[in-house]
Structures are given as structure tokens and as C-alpha cells.
Amino acid sequence: MRIIGGNLKGKKIYLPIDKNTRPLRDMVKESIFNILEHSQKIKIKVENSKVLDLFSGSGSFGLECISRKAQKVLFIENYPKASKILNNNILHLKVRKQSKVLNEDCFEFLRNQKKNSEKFEIIFIDPPYKEQKINNVINEIKDNKILNKNGIIIIHRHKLDNLELSNKLEILDTRDYGISKIIIGN
């Protein structure tokens, strides 16, 4: 897997070798960034944004944001093997200044956020497909006002997932790519 755009384009991203971490496929990642760049519904740009990458895995999404000049990415990953690969990717790409990694459970991290905590323009949620507590994540983000006023939440799910999302999330766009479903809202 590689970075597909920006100043790190073409650089390799290392992935965990076990099957517990599902990487964001390049085609899906490229489609997300095309939507962010060209959609009339989305007012946030990656450049100079603060990004929260939940269930980060190897960091593919957040690292792509850094390559596209995001100001800062906060990676949240509690699976030790994925976290180790994520930290190696950050060192390999020399993006430590723009990165912060917390080896913490995403649900615990969100519960501990205060309403005056740091705010993010882009929040990426990419849990395991079997994870059903997505609405808990959305509700914590909204209740604790972690998302900036015009910010967006991007959710990656299996396209057959029929989970009804929280009414606190206004859906702006939904797209299917192969087995992936991308939901963008605020």
C-alpha cells in the first residue's frame, strides 16, 4: 500500500501481517479524497485541517491527510500490532511533528473528551466491520462537540451493513466502492 497523493505520494505504508486489521483500500481512499476536494456539499478542505483518525490501524487515512498538508492528525489505535506498524509508518515517512498516536480504546477516548477539548475538521471512523457501536461514537463526538462547526465525519463500513445511524449525524453523501460503504456527514 502507498500514499496516493500530496507531497508523500508513492511512499510505502506498512501493514500488519495478521488479519485483525483491515486496511483502507487505495481505490476507496482516492475516492474519499476526490469527494473532499470536489463536493459542493463539503466546505472543509484537508489542507491546514486537524484530523482525528479513530480505529487508525496502520494509519493509512491520517497519513494520506498529512501528505495533503493537514496541520495535525491524532491517531487512536488500541490494537498493539497495528499501533506498532502505525508508529513505524510515522517514523518511516518522517511526519512525527504532524502526528500524535494514542494507544487507547476509541470509546474510552471519546468518553473522556470535554466540551472544550480540541476540535477537529475531519473525523475518520474505520472500525472493524463487526463493530456495531458506531452510534455511540457519533453521539460522543456530537455531545462533546469534538467536531468543528463545519467539520465532517467520514465512516467506513461494509456495503451490506444496514446499521441505522444516529439522527445526530446529518448525512451529506453515501457511496459504495467494492465491498466498502463510505458515509460522509456532519
Read through the list (1) in a helix (DSSP H, G or I); (2) within 29 Å of Leu8 (Cα to Cα), then give the number of the only condition that Asn135 fails. (2)
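Considering only residues that are among the aliphatic types (A, V, I, L, M) and under 17 Å from Asn78 (Cβ atoms), which ones fall in region 21-63?
Leu52, Leu54 - these are the residues of region 21-63 that are among the aliphatic types (A, V, I, L, M) and under 17 Å from Asn78 (Cβ atoms).
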Against the definition (buried (at least 23 other Cβ atoms within 10 Å of the Cβ) and out of contact with any Lys or Arg (no Cβ under 6 Å at 6 or more places or on another chain)), how does Val51 come out, yes or no? yes
If you take the residues in region 11-31 that are modelled with pLDDT of 90 or more and part of a loop (DSSP other than H, G, I, E, B), which one is surrounded by the most Cβ atoms within 10 Å (Cβ to Cβ)? Ile13
Out of Ile138, Ile122, report the one residue that is over 20 Å from Lys72 (Cβ atoms), buried (at least 21 other Cβ atoms within 10 Å of the Cβ) and not acidic (Asp, Glu). Ile138
Note down all Cβ pairs under 9 Å where the first residue falls in region 73-87 and is over 13 Å from Ile13 (Cα atoms) and free of Cβ contacts under 8 Å to residues at least 60 places away in the same chain, the second is of a type in the set (Ser, Thr, Tyr) and not in a loop (DSSP other than H, G, I, E, B), and they're at least six residues apart or on different chains. Val73/Ser99; Leu74/Ser99; Phe75/Ser83; Phe75/Ser99; Glu77/Ser83
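The values are calculated or read from the model by the stated rules, or taken from the named source; none is laboratory data. Keep in mind that what you see is a predicted model, and the values were worked out from it rather than measured. FYI the Cβ positions are ideal-geometry reconstructions off the backbone, even for glycines, and counts take in every protein chain you see.
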